[in-house]
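J.: Please find one structure pasted underneath; my questions will follow.
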Amino acid sequence: MAEELVLAAGHPDEYVSGALPALDEPLARTLLGGLGVNVSTVPEGVLDAGGGTVFWQVALEPDAQGALKQLAGEVYGDPPVDPEDVRALWAAVQGLAAALGARVWVRIGGAAEPLTAELLAVVVGVDGSSPR
């Protein structure tokens, strides 16, 4: 089962209420493009920061007025998950978050919590177990 990885300038639950601060969309598109994700003409793509065993199916999510509020989508592993790929994805999302002034979250069972490298490894099944 895939979990949702969210990059936002506030808590992801603020997205629904409209209280989530906006992200710099041109910068987000440029940064994603630099990571090999083509979002120049579409609002979504797949980030594969490693050797092809861990992915983030990322979408640019605007509010009703069109302001980019978060980057979000499923994060998943393709067994056997390579720990190096997890580290590469972790570094990529941390770099995106830092450049955009955002934090990285993971939504598990409806609840959003801050993402750590260890939690990312568990979510994608790096230990050889099934992903969460």
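The values are calculated or read from the model by the stated rules, or taken from the named source; none is laboratory data. In this text, all values refer to a predicted model and were calculated from it rather than measured experimentally. All Cβ positions, even for glycine, are placed from backbone atoms using ideal geometry, and neighbour counts span all protein chains on display. Quick note on the areas: whole protein, heavy atoms, side chains included, nothing else; ligands and nucleic acids left out. Shrake-Rupley method; radii C 1.70, N 1.55, O 1.52, S 1.80 Å.
J.: Once both axes come from the Cα atoms, what is the angle between helix 83-100 and the longest principal axis of the chain, in degrees from 0 to 90, rounded to 10?
T.: Long axis of 83-100 versus the principal axis of the chain: about 10 degrees.
J.: Sticking with this structure for a sec: If you average the C-alpha positions of the range 101-127 and of the range 22-93 separately, how far apart do those two centres end up, in angstrom?
T.: If you average the Cα positions of each part, the centres end up 14 Å apart.
J.: Now for a different question. For the chain, which whole-number percentage of the solvent-accessible area (1.4 Å probe, protein heavy atoms only) is attributable to carbon and sulfur atoms?
T.: 55
J.: In Å², and per residue, what accessible area does the chain have when probed at 1.4 Å with the other protein chains present?
T.: With the other protein chains kept in place, the chain gives 47 Å² per residue.
J.: A further question follows. From Cα pairs below 8 angstrom and at least 6 apart in sequence, can you work out the relative contact order of the range 16-58, rounded to a whole percent?
T.: Result for the range 16-58 is 22 percent.
J.: Charges at C-beta only: +1 for Lys and Arg, -1 for Asp and Glu. How large is the resulting dipole of the range 53-132 about its Cα centre, in Debye rounded to 20?
T.: It comes to approximately 260 debye.
J.: May I ask you to rank 107, 87 by accessible area, largest first, using a 1.4 Å probe over the protein chains only?
T.: Ranked from most to least accessible, the order is 87, 107.
J.: With unit charges on the beta carbons (Lys and Arg positive, Asp and Glu negative) and the dipole taken about the Cα centre of the range 37-132, which residue among 46, 81, 126 sits farthest to the positive side?
T.: Of 46, 81, 126, it is 46.
J.: What's log10 of I(q)/I(0) for the chain at q = 0.16, 0.21 Å⁻¹, Debye sum over Cα points only, no solvent?
T.: -0.73, -1.24
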